[in-house]
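Some notes on the structure that comes next.
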Amino acid sequence: MNELRESILSVGVADPETAVSVHALLGSDPDLLALAGDLPQRRSAVDAWVKTMFLRPEGPFLEIAASAVEDALGEAPDKAVDETLAAITTRPRTPYDLRAVTGLAEADLDVLLPHLEAAGLVRADANPLDPEAPFWTMDHRFARFHYAMLAEHLPRWRRGYITDKLWRMTHARYDRYVCRPEFHRLAREWALNDPAAAQTTRVTVPDPRFRQLRTIELAAWNAAGEPIALGTIRWKFQMVERQLKRLRYVKRLLGDPKARLYCIAPRVEAAITADPDPDLFVIGPAQLLRRGANESANAPETAPNGDLHPISRLVGAQTRRVG
């Protein structure tokens with residue numbers, strides 16, 4: 001149940017945010033890790049390591065990432081493939097979303113998406129509110145890095161003359177499109193440790209009042225298809241109270257079910273930690289990677305009978321109760 005957590009821990013980087021950042025690029029493949037030199041051990045060292053290993057022409061991974069899609073498909077990607085994968089890199093997309101962004105016909109996507117999935121480039125994540133429209137998500141680390149960082153300026157990256165300038169222009173894309181999806185997936189896997197959770201997904205909820213779709217990145221569902229937990233996630237930066245208010249708003253759009261609320265971030269505003277809601281939990285990266293007290297490596301999470309909040313006991317979540 002905790003394959004991603006164990007894979008991240010196996011990288012051997014103690015700092016949780018740094019470990020997620022490294023794993024988002026290399027996974028835990030020993031051959032790739034052997035090429036990566038000394039791994040960064042703190043968050044402040046990640047930028048220099050990424051530039052050296054992935055963005056300089058003499059680095060071992062620039063050309064691997066640049067050719068990742070061609071290697072996976074066995075042929076150079078055409079325009080439709082490039083546009084589809086670039087769109088999926090920025091966020092998970094439903095088929096309707098992809099039709100709007102790429103201009104491809106439904107029949108074309110019906111052929112293309114399974115082809116990309118078979119090549120290991122994308123995966124279809126469940127969409128409980130619309131099972132016929134799954135969230136197509138990037139599933140290939142080097143391809144994700146290519147579209148997030150390399151594709152637009154590849155000739156310049158290869159020349160290597162203005163690497164530092166290009167990094168300043170694009171480094172936010174590394175956090176947003178490379179690291180953040182890994183953190184989201186880790187959070188969803190963690191939420192599955194709740195014995196009542198049968199599935200965890202992202203969810204997009206219609207907002208009739210404002211004629212918009214509201215998305216939250218974590219929803220846990222029981223076997224009956226009812227939401228039992230909803231979460232908002234913030235990678236790298238401090239979570240502000242506005243995100244918690246937005247989470248509660250989405251909860252009301254879903255009919256205000258009896259569900260726990262998770263604020264998952266490395267840091268949160270004081271207003272969130274001071275919130276008196278007994279069903280609100282604040283979760284940090286270290287807690288997502290923490291094993292249970294009696295759990296050995298690769299063992300499943302367990303909780304004793306009668307534990308009302310097994311997740312908080314196992315991973316150290318914070319909960320506040322009035323009185």
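Do you know which residues across the stretch 155-184 are of a type in the set (F, W, Y) and farther than 21 Å from P92 by Cβ?
Matches in the stretch 155-184: W157, Y161, W167.
With respect to being surrounded by 22 or more Cβ atoms within 10 Å (Cβ to Cβ) and over 20 Å from D29 (Cβ atoms), A172 falls outside the description. In the set (1) on the phi < 0 side of the Ramachandran plot; (2) modelled with pLDDT of 95 or more; (3) part of a loop (DSSP other than H, G, I, E, B), P304 fails one condition alone, (2).
Of I272, I216, I228, all but one fail to be in a helix (DSSP H, G or I), in contact (Cβ under 8 Å) with a residue 12 or more places away in the chain and hydrophobic (A, V, I, L, M, F, W, C); the exception is I272.
Each row is one residue, and each column tells you yes or no for (1) closer than 30 Å to D15 by Cβ; (2) outside the structural domain of T201 (by TED's automatic domain parsing); (3) not small (G, A, S).
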position	(1), (2), (3)
V81	no, yes, yes
L85	no, yes, yes
A105	no, yes, no
V111	no, yes, yes
G120	yes, yes, no
A126	no, yes, no
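Within the stretch 67-107, being in a loop (DSSP other than H, G, I, E, B), farther than 12 Å from A151 by Cβ, over 24 Å from the mean Cα position of the chain (by Cα) and of a type outside the set (A, V, I, L, M, F, W, C) holds for G74, E75, D78, G103.
Residues checked against (1) surrounded by fewer than 14 Cβ atoms within 10 Å (Cβ to Cβ); (2) modelled with pLDDT of 95 or more:
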position	(1), (2)
F210	yes, no
L244	no, yes
G255	yes, yes
R260	no, yes
G284	no, yes
L314	no, no
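Among all residues of the stretch 140-158, there is at least one that is charged (D, E, K, R), buried (at least 21 other Cβ atoms within 10 Å of the Cβ) and part of a helix (DSSP H, G or I).
When we screen R209, R242, R234 for residues that are closer than 20 Å to D277 by Cβ, in the same structural domain as G292 (by TED's automatic domain parsing) and either in contact with a Lys or Arg (Cβ under 7 Å, 6 or more places away or on another chain) or free of Cβ contacts under 8 Å to residues at least 24 places away in the same chain (or both), the only hit is R242.
The values are calculated or read from the model by the stated rules, or taken from the named source; none is laboratory data. These numbers come from a predicted model, not from an experiment. Note that each Cβ is placed from the backbone with ideal geometry, even for glycine, and that neighbours are counted across all protein chains shown.
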